Each structure stands twice: as C-alpha cells, then as structure tokens.
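Taking it in order: structure first as structure tokens, then the write-up.
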Amino acid sequence: MTHSDVVAIPSLDLQRYLGTWYEIARLPMRYEPANATDVSAHYALDEDGKVNVRNRCRVEGKVEESVGQATPVDAGNSKLEVSFLPEGLRWIPFTKGDYWVLKLDADYQVALVGTPNREYLWLLARQPQLDAASRLLFLDEARRQGFDLSKLIDTPHTGAPTA
C-alpha cells in the first residue's frame, strides 16, 4: 500500500501547546532508551520566540534530561525543527529533527506528533494516562498516514517525579 505525504494539522496555537506533555507511546528512537519510564516534555516560549524543550525520563531509576530548542518552520506553527545540540552548535546544518503535529484534540489535551519520513512518532497527553478510546482514535490517524505501529512502545508512568 502506498501512502501520500505525511500531513500536519493546518495550524497550531503555540501558546496553548506550551506546558507539560506526557509520552503515552512512541516508536523506537536511538536517543531514548527502550526501558525509559515517566517520559515528559515541557515546552516554554523563549524571549526570541523559539520554544525551549525540556525532555525528562527515568532510566533504571535515574532521571535523565535533554534540553533543546524548537523553531516553527511553517506559517501555521504545526511543523517545527528541534535541536538538542548545545546552544553554540545549533547552527550546524542537518542537526535538527522534524516535529510535526499530526493530530490535536480541540482542548489541546492529546497530540500525535511524527516525522515526515514516518521514522518517529509520539502519542502525547497532558496527563500520564490516556483513555483507550482516545488512544485508538489518535493511533488510527497514525496508521492512516502510513506509520508502521508494529514496534510501538507503550511508555510506563510510575508516578515517580522527574522534576
């Protein structure tokens, strides 16, 4: 089956999107250990209009953190480029990752984020758990857009703080 290009939502209210999101599920990625738990992302607006990204998780009981910066690359703010390189190195070409918002509920409580090459995918929510119906609805969108969910990892949330 051939799929057309991955499509992001038409527009994103960046102010409403800021704050804390919890990872509910993801496709495997080399920067995040498969055994990571309590994964969260906190987005805040920097003075220059870019988004400060602070990802946290637990790996074998220890909190790990990655700090990066996201920059909208389309007029609707739904396509962003993210870099986790140290600030002085973020100018280096080909070091940014795509972060496209593919589906978002009207209340900004659940989001599906992916990459245009379909390699990475995240299901995010404002709470550490997500009801089965919402999960199915958002993952159906991922399937519709051609993502292979056979290796999807459900992210455990233990309730242990990562702050």
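The values are calculated or read from the model by the stated rules, or taken from the named source; none is laboratory data. Keep in mind that what you see is a predicted model, and the values were worked out from it rather than measured. Every residue, glycine as well, gets a Cβ built from its backbone with ideal geometry; the counts of neighbours run over all protein chains shown.
What to note about this one:
- Filtered residue count, the stretch 23-43, keeping only those that are part of a strand (DSSP E or B) and of a type in the set (A, V, I, L, M): 5
- Residue within the stretch 80-96 that is surrounded by fewer than 18 Cβ atoms within 10 Å (Cβ to Cβ), at pLDDT below 95, over 16 Å from Leu27 (Cβ atoms) and touching an Asp or Glu at 6+ places or on another chain (Cβ under 7 Å) present: yes
- Residue match in the stretch 8-18 (condition: among the charged types (D, E, K, R), at pLDDT 95 or above and in a loop (DSSP other than H, G, I, E, B)): yes
- When the stretch 52-76 is filtered for residues that are assigned to a strand (DSSP E or B), surrounded by fewer than 19 Cβ atoms within 10 Å (Cβ to Cβ) and under 17 Å from the mean Cα position of the chain (by Cα), the ones remaining, listed by number, are Asn52, Arg54, Glu64, Glu65, Ser66, Val67, Thr71, Pro72.
- Residue count for the stretch 118-136, restricted to those that are without any contact (Cβ under 8 Å) to a residue 24 or more places away in the chain and either surrounded by 15 or more Cβ atoms within 10 Å (Cβ to Cβ) or assigned to a loop (DSSP other than H, G, I, E, B) (or both): 1
- Residues satisfying the stated conditions in the stretch 14-34, i.e. closer than 20 Å to Asp148 by Cα and touching a residue at least 12 places away in the same chain (Cβ under 8 Å): Glu23, Ile24, Ala25, Arg26, Leu27, Pro28, Met29, Tyr31, Glu32, Pro33, Ala34
- Single residue of the stretch 138-161 satisfying the filter (touching a residue at least 12 places away in the same chain (Cβ under 8 Å) and closer than 20 Å to Ser78 by Cα) that is surrounded by the most Cβ atoms within 10 Å (Cβ to Cβ): Ala142
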